[in-house]
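Take a look at the structure below.
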Amino acid sequence: MSAPVAFVTGGASGIGRATVLRLAGDGFQVIAADRDGERLDALVGEAPAGSVETYVLDVCDRPAVAAAIAAPERLDALICVAGIYQPRAFDAISDADFREMLDVNLIGVFIAAQEAARRMTAGARIVTVSSRAAIGGTNFAHYVASKAGVVGLTRAMAMELRPRQIAVNSVAPGFTDTPMTRTMPPDQYARAQELELGGKAADPADIAGAIAFLASPATHFITGQTLFVDGGKSLGGLGL
């Protein structure tokens, strides 16, 4: 039997990169898609030989996404990691800022998931990446809205795809050490780390482990769930 195939958006860096490497190590044939071709090329050299193929594309470009998803003979798992983050006070968020956030973080998930679901068969899995921010936060209301939308979309997809035995779940990371979060000013990054378990941001591999769990065939009876991987911050009572 051929290796299971996983398609990962945003696969070139951060959580996406860690997910590609984890799934490749778990025996998947992985297709990594991202806008950053140079990082994708570097990723191929870090994975087991022959385990990773790449596509340079934008998740908002439906024809490109559809073509890439249609390329493999089978598709067992879709992992939607691609996303953007932009800290901005509520009063300073423009219409363009809000639309861009929704386009990449929410509509990009919808496009990839819809195209994947059209060719998936029973037992396939879709894993979205939302965020702890889905339950609220300050200075990035548009990001919060986009990630809350991912949670709602995940549940809706799970309901509709359940009769076809396609499981749909989400992983909601807390503050994680990625190139995206490293764009924060150093003092702000340090303050954010202090609020994490042990005073340190999560490693992308920690999040990839949760994604790999939900991408596994062994979890086919889990669907419509959001798994928080945030060191317990979502429990509340932490002064956040």
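Quick notes on this one:
- Under the condition of being of a type in the set (Phe, Trp, Tyr) and either within 19 Å of Arg162 (Cβ to Cβ) or touching a residue at least 60 places away in the same chain (Cβ under 8 Å) (or both), the residues counted in the stretch 92-135 number 1.
- Single residue of Gly123, Gly149 found to be among the small types (Gly, Ala, Ser) and closer than 27 Å to Glu196 by Cα: Gly149
- Scanning the stretch 137-147 turns up one or more residues that are out of contact with any Pro (no Cβ under 8 Å at 6 or more places or on another chain), more than 16 Å from Ala215 (Cα to Cα) and modelled with pLDDT under 95.
- A residue that is within 19 Å of Val150 (Cα to Cα), of a type in the set (Val, Ile, Thr), over 15 Å from the mean Cα position of the chain (by Cα) and modelled with pLDDT of 95 or more can be found somewhere in the stretch 215-235.
- Beta carbons closer than 8 Å, at least 6 apart along the sequence or on distinct chains, never pair a first residue in the stretch 67-91 that is closer than 19 Å to Asp34 by Cα with a second that is among the acidic types (Asp, Glu) and in a loop (DSSP other than H, G, I, E, B).
- Flag for Pro179 being more than 26 Å from Ile222 (Cβ to Cβ) and out of contact with any strand residue (DSSP E or B) (no Cβ under 6 Å at 6 or more places or on another chain): yes
- Close Cβ contacts (under 8 Å, 6 or more residues apart or on different chains) running from residues in the stretch 51-63 that are closer than 16 Å to Cys80 by Cα and buried (at least 17 other Cβ atoms within 10 Å of the Cβ) to residues that are modelled with pLDDT of 95 or more and of a type in the set (Ser, Thr, Tyr) comprise Val59/Thr9.
- Counting the residues of the stretch 170-213 that are more than 20 Å from Pro87 (Cα to Cα) and among the β-branched types (Val, Ile, Thr) gives 3.
- No other residue among Thr178, Thr183, Thr154 is of a type outside the set (D, E, K, R), under 21 Å from Gly11 (Cβ atoms) and over 18 Å from the mean Cα position of the chain (by Cα) apart from Thr183.
- Count - residues of the stretch 73-90 that are at pLDDT 95 or above and crowded, with 16+ Cβ neighbours inside 10 Å: 9
The values are calculated or read from the model by the stated rules, or taken from the named source; none is laboratory data. Predicted, not measured: the structure shown is a model, and the values here were computed from it. With ideal geometry, Cβ positions are generated from the backbone for all residues, glycine too; neighbour counts draw on all protein chains shown.
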